[in-house]
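Chemist: Before anything else, here's the structure in question.
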Amino acid sequence: MKESDIRPEDLMAESARLTDEDALRVLALKEKFVQVACPACDSPSHRHFFEKKGYHFVSCRDCRTVFVNPRPTSEILAEYYAGAESIRYFNEKIFPSSAQVRREKIFLPRVNRVMELVKKYALKTEILVDVGAGFGTFCEEIKRLARFSRVIAVEPAKSQAETCRRKGIEVIEELIERVRISGISVITCFELLEHLFSPKDFLTACMKALEPGGLLILTTPNIQGFDLQTLGLVSDNIGAPDHLNYFHPRSLTSLLQTCGFEVVELSTPGQLDVDIVRNKILKGEFDISGCPFLKHILIEEDEVVGRRFQEFLVQNHMSSHMWGVARKI
Ligand SMILES: [Zn+2]
């Protein structure tokens with residue numbers, strides 16, 4: 001899979017423009033932003049990390065999780081997600097134009113991985129809940145296998161909840177914190193934790209909703225991964241108010257344990273680090289003229305050495321795309 005498969009280049013410029021406008025609208029409410037402790041370890045001690053488009057990113061002095069501080073309140077974020085033009089553009093243009101590739105390259109492998117975990121940990125297959133289900137592609141595909149008695153999409157955004165319903169998926173249009181279902185065998189949440197005002201409150205709610213022995217399966221960026229560490233500010237993934245929390249394998253593990261989970265697997269199976277950095281270099285947005293070693297791997301020998309380098313990143317927990325699998329004890 002290439003980055004351009006899921007982020008069509010002809011649409012990304014308009015998407016970036018709308019994202020900047022939305023971010024400025026939220027930034028105009030800066031006097032209402034609030035200070036928070038580290039979302040992973042609760043430490044109040046942090047240092048300046050960088051500033052991007054008016055948003056202040058800090059790094060926890062104790063666990064090196066990176067987070068936006070001060071940050072918009074839950075109320076401001078709820079309004080943002082309900083009305084952001086960039087999100088509407090993604091929903092109406094980018095997602096539909098890349099839907100087929102996303103289904104094949106992202107959602108089907110996710111379904112396979114989840115089913116492998118279900119088998120490996122001999123889980124019950126009563127209820128699977130996908131939180132932040134979006135367009136319901138994951139739910140649709142896992143439902144097709146008919147392994148779970150119920151597949152439920154938890155999706156608080158009205159238009160996306162409606163799309164899930166049209167696909168015949170059972171939908172709860174609500175935040176997981178307010179959902180009252182018991183006996184859940186598996187909760188999945190893909191690319192969600194980084195968006196939340198309080199990841200800890202969210203994980204605590206997941207803990208309550210799962211049955212004993214049930215599994216939480218999540219993905220989120222790894223701030224210590226190759227493309228995020230290399231590109232830093234230049235990375236398109238670094239941007240508030242969409243992304244507020246950037247964990248890494250150790251800090252995510254520690255947060256899950258604090259919330260009462262046993263972490264059974266932590267991996268970084270991302271496939272796009274090399275391609276993302278390479279694209280930034282080729283577009284002239286990131287300069288590696290002083291790094292012949294990187295130039296050799298990422299530009300001159302990207303087909304063979306670049307591919308092997310990506311495998312090395314995956315094997316060593318150094319890709320920027322992270323999976324966490326945790327069990328309710
Ligand atoms: Zn911390």
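The values are calculated or read from the model by the stated rules, or taken from the named source; none is laboratory data. Not measured: the values here are computed from a predicted model. Every residue, glycine among them, receives a Cβ derived from its backbone with ideal geometry; neighbour counts consider all protein chains shown.
Chemist: Scan region 19-55 residue by residue and report those that are over 20 Å from the mean Cα position of the chain (by Cα) and in a helix (DSSP H, G or I).
Modeler: Within region 19-55, Glu21, Leu24, Arg25, Val26, Leu27, Lys30, Glu31, Lys32 meet the criteria.
Chemist: For Ile152, indicate whether it is more than 18 Å from the chain's Cα centre (by Cα) and either within 26 Å of Leu123 (Cβ to Cβ) or modelled with pLDDT under 95 (or both).
Modeler: yes
Chemist: Related question: Give me the pairs: first residue in region 34-61 and without any contact (Cβ under 8 Å) to a residue 12 or more places away in the chain and within 20 Å of Phe202 (Cβ to Cβ), second residue more than 8 Å from the ligand (Cβ to nearest atom) and of a type outside the set (Val, Ile, Thr), beta-carbon distance under 6 Å, and six or more apart or on different chains, which are they?
Modeler: Ala37/Pro44
Chemist: Looking only at residues that are aromatic (Phe, Trp, Tyr) and surrounded by 14 or more Cβ atoms within 10 Å (Cβ to Cβ) in region 274-311, which one is nearest to Lys124 (Cα to Cα)?
Modeler: Phe309
So that you can scan it fast, the table gives a plain yes or no per residue for (1) over 16 Å from Cys38 (Cα atoms); (2) of a type outside the set (Gly, Ala, Ser); (3) part of a strand (DSSP E or B); (4) in contact with a Lys or Arg (Cβ under 6 Å, 6 or more places away or on another chain):
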position	(1), (2), (3), (4)
Glu211	yes, yes, yes, no
Pro221	yes, yes, yes, no
Asn237	yes, yes, no, no
Ala240	yes, no, no, no
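Chemist: Can you tell me which condition Ala16 does not meet? The list is (1) exposed (fewer than 14 other Cβ atoms within 10 Å of the Cβ); (2) within 16 Å of the ligand (Cβ to nearest atom), and all the others hold.
Modeler: Going through the list (1) exposed (fewer than 14 other Cβ atoms within 10 Å of the Cβ); (2) within 16 Å of the ligand (Cβ to nearest atom), Ala16 breaks only (2).
Chemist: Residue by residue through region 56-66, note down the ones that are assigned to a strand (DSSP E or B), within 10 Å of the ligand (Cβ to nearest atom) and not hydrophobic (A, V, I, L, M, F, W, C).
Modeler: Ser59
Chemist: Tell me, which helices (runs of 4 or more DSSP H) lie completely within region 248-310 with 2 or more residues that are charged (D, E, K, R)?
Modeler: Because the criterion is at least 2 residues that are charged (D, E, K, R), the helices (runs of 4 or more DSSP H) in region 248-310 that meet it are 273-282.
Chemist: Among the residues of region 67-76, write down those that are in contact with a helix residue (DSSP H, G or I) (Cβ under 8 Å, 6 or more places away or on another chain) and assigned to a helix (DSSP H, G or I).
Modeler: Answer for region 67-76, where residues must be in contact with a helix residue (DSSP H, G or I) (Cβ under 8 Å, 6 or more places away or on another chain) and assigned to a helix (DSSP H, G or I): just Ile76.
Chemist: Let me ask something else about it. Considering each residue of region 91-111, count those that are hydrophobic (A, V, I, L, M, F, W, C) and at pLDDT 85 or above, and give that number.
Modeler: Final tally of qualifying residues: 5.
Chemist: Would you check which residues across region 27-55 are within 16 Å of Ser251 (Cα to Cα), in contact with a helix residue (DSSP H, G or I) (Cβ under 9 Å, 6 or more places away or on another chain) and surrounded by 15 or more Cβ atoms within 10 Å (Cβ to Cβ) and list them?
Modeler: Hits for region 27-55 are Cys38, Pro39, Ala40, Cys41.
Chemist: Now for a separate question. Give me the residue from region 56-89 that is surrounded by 19 or more Cβ atoms within 10 Å (Cβ to Cβ) and under 20 Å from Ser15 (Cα atoms) and, out of that set, modelled with the highest pLDDT.
Modeler: Tyr80
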